[in-house]
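One structure is given here, and the rest of the page talks about it.
Each reported figure results from applying straightforward, stated rules to the coordinates on display, with no laboratory input. All of these numbers come straight from a predicted model, not from anything done at the bench. Here the Cβ positions follow ideal geometry from the backbone for every residue, glycine too, while neighbour counts run over all protein chains shown.
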Number of protein chains: 2
Amino acid sequence: MKRNDFSQWDCSLARTVDIIGDWWTPLILRDAARGVTTFEDFHQSLGVSRNTLTQRLNRLVEHGMLEKTLYSDRPKRYRYVMTAQGVDFVPVLMAMAAWGDKWIADTAPPFRVRHKTCGAEATARVVCACCEAPLALSDLEPLDEAA
Amino acid sequence: MKRNDFSQWDCSLARTVDIIGDWWTPLILRDAARGVTTFEDFHQSLGVSRNTLTQRLNRLVEHGMLEKTLYSDRPKRYRYVMTAQGVDFVPVLMAMAAWGDKWIADTAPPFRVRHKTCGAEATARVVCACCEAPLALSDLEPLDEAA
DNA sequence: CGACTCAGTTCAAAAGGTGAACTGACAATT
DNA sequence: AATTGTCAGTTCACCTTTTGAACTGAGTCG
């Protein structure tokens, strides 16, 4: 069996993982996508320690996934809202969840969302942007580059 | 603006994150997809401490992402190979990388792979499995369930 | 006035990650 | 026969991160 050798397959993934590569961050983003915005709500929803939550939220703001806005001046109240960049990450989260549904048997209910466009329940699938066929490792080979 | 409320959007993501939710694991999987199989090669490629690498590999084996096989009895040599479950996760990694390419400007080169099916460079896109339209947060709404 | 809410900060203890050195089985070289 | 090298880890001492719980502080409500 031929071994793949994607020697150029670098960095984009690492940089992404650098932002979202821990237990909490993806879940914070899923909550944000669900409409959670305040510090207290994230804390309640996830059970993450407030200390860590502060760090994660700041990190996400720093990296442009969330925007922190003051929605009440007196008393000072903040809201964390997804940026376009954050919103664009949601399908990736859905792809992860779809994979989880498929492979990790569990009694816990899968997340269920309706796709307004087609009316059916949305399930994520990762396809080639060019030919729209589902991407699979077996259909990939290294792309040689000049220089 | 209407706030989404995906109260059912739970668990599948959390369970997935439970397996791959740290800095190293996704990169180990990317290496595995590239054809890296031995302990030493993972170690060299990633620069992760051997200690941590041992734990991560064991964890991935435990969770059915990799299979550990003895390919030489004398001396004892092991190989970590992706299972079907692991292979099926690769498109998710590609979706992450595609997002990284789009949003995280950096001098580092993106990973580049050819899609044999269409001959073009493969770029991941997440679509609805039902209608094949790209998934976007704005097209989603909670799915109400009986009971 | 006292109780409550939000959005954190502070602190000690526990857990997890790091690099560097070590083990042990074998193979190849001198 | 002795030394060096490779693979696949383990061990250890150190450092950073996470955790939980308590505390702060600004302001509101009754």
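Here are some notes:
- Selected residue [of a type outside the set (Ser, Thr, Tyr) and away from every other protein chain (no Cβ under 13 Å)] from A:ASP41, A:ASP18, A:ASP31, A:ASP73: A:ASP73
- The requirement of being over 17 Å from A:ASP139 (Cα atoms) and among the basic types (Lys, Arg) is fulfilled nowhere in the range B:115-132; no residue meets it.
- Qualifying residue in the range B:61-69 (condition: under 29 Å from A:ARG30 (Cα atoms), within 12 Å of DNA strand D (Cβ to nearest atom) and assigned to a loop (DSSP other than H, G, I, E, B)): no
- Residue that is nearest to B:VAL113 (Cα to Cα), among those in the range B:24-47 that are within 14 Å of DNA strand C (Cβ to nearest atom) and surrounded by fewer than 18 Cβ atoms within 10 Å (Cβ to Cβ): B:SER45
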